[in-house]
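The values are calculated or read from the model by the stated rules, or taken from the named source; none is laboratory data. These numbers come from a predicted model, not from an experiment. With ideal geometry, Cβ positions are generated from the backbone for all residues, glycine too; neighbour counts draw on all protein chains shown.
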Amino acid sequence: MRKLCDNGELLVEANDLSAVQIMHDLKMPFVVGSAINCYNLATLKILLKQGMIRWLMPVELSGDCLKTILKQAEDENIREQFECEVFSWGYLPLAYSARCFTARSENRAKDDCQYCCINYPQGRKMNSREGEQVFVLNGIQTLSAYQYNLINEVSQLADMGVDIMRVSSDSEQAFAQLDKFRSQLVSPKQFLLNSEGECNGFWHKIAGMSIAR
């Protein structure tokens, strides 16, 4: 991890506190990823002192929560010290494991996985006992079964002062989505989301797999 952090070329996104500590020790700026539980202004202040220059909001936080935190940062005169990024399209990263789910699903040993994940470029879908899609397993990642889509919230995000909207490059659709998000900044319109494959629930403080109409 230290070698990756001290790469000398690329900005590092830290998704656990050991990486944050390494970047602080190296006196290098970094991005705080969504896997770090940063839910309030007090935590933001600590991470700023450690060297954070951009905050990617945890995917389960709502728009109202983000608005409150950013307003508090403005009141404390620290909002200009960091960029705010919001995961806006793609399969949500929900959890990570030390054990590769793909290798486990094929009963392969940890040290002899043969990189079988390459056989599943879109991950492996996981259903509930009732047959409902709940997760996509991709290596050590647990992702949402539905693609998060904040295309209809682009104007709201801009008004709140969000600097970056992340479009996950998890499929060829990502390029088309980039064009749609750009067009929303110029000529916004309302898109009809697909309830069988998309969601925006977390942003609207409802069940994550749901769509707020």
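Quick look at the numbers
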{"item": "When residues of the stretch 1-46 are limited to those that are small (Gly, Ala, Ser) and over 20 Å from the mean Cα position of the chain (by Cα), the one farthest from Glu83 (Cα to Cα)", "result": "Gly8"}
{"item": "Members of the stretch 16-42 that are free of Cβ contacts under 8 Å to residues at least 12 places away in the same chain and either of a type in the set (Gly, Ala, Ser) or within 15 Å of Arg79 (Cβ to Cβ) (or both)", "result": "Ala42"}
{"item": "Members of the stretch 106-133 found to be in contact (Cβ under 8 Å) with a residue 24 or more places away in the chain and either in contact with a Ser or Thr (Cβ under 7 Å, 6 or more places away or on another chain) or exposed (fewer than 11 other Cβ atoms within 10 Å of the Cβ) (or both), listed by number", "result": "Gln122"}
{"item": "For Lys110: the one exception among (1) at pLDDT 90 or above; (2) over 19 Å from the mean Cα position of the chain (by Cα); (3) more than 30 Å from Lys49 (Cα to Cα)", "result": "(1)"}
{"item": "Number of the condition not met by Cys113 [criteria: (1) under 19 Å from Ile36 (Cβ atoms); (2) touching an Asp or Glu at 6+ places or on another chain (Cβ under 9 Å)]", "result": "(1)"}
{"item": "Residue tally, condition more than 16 Å from Lys27 (Cβ to Cβ) and either of a type in the set (Gly, Ala, Ser) or not in a strand (DSSP E or B) (or both), over the stretch 1-16", "result": "7"}
{"item": "Flag if Leu137 is out of contact with any Phe, Trp or Tyr (no Cβ under 8 Å at 6 or more places or on another chain), at pLDDT below 95 and not in a loop (DSSP other than H, G, I, E, B)", "result": "no"}
{"item": "Filter result (surrounded by fewer than 15 Cβ atoms within 10 Å (Cβ to Cβ) and not in a loop (DSSP other than H, G, I, E, B)) within the stretch 18-44", "result": "Ser18, Gln21, Asp25, Ala42"}
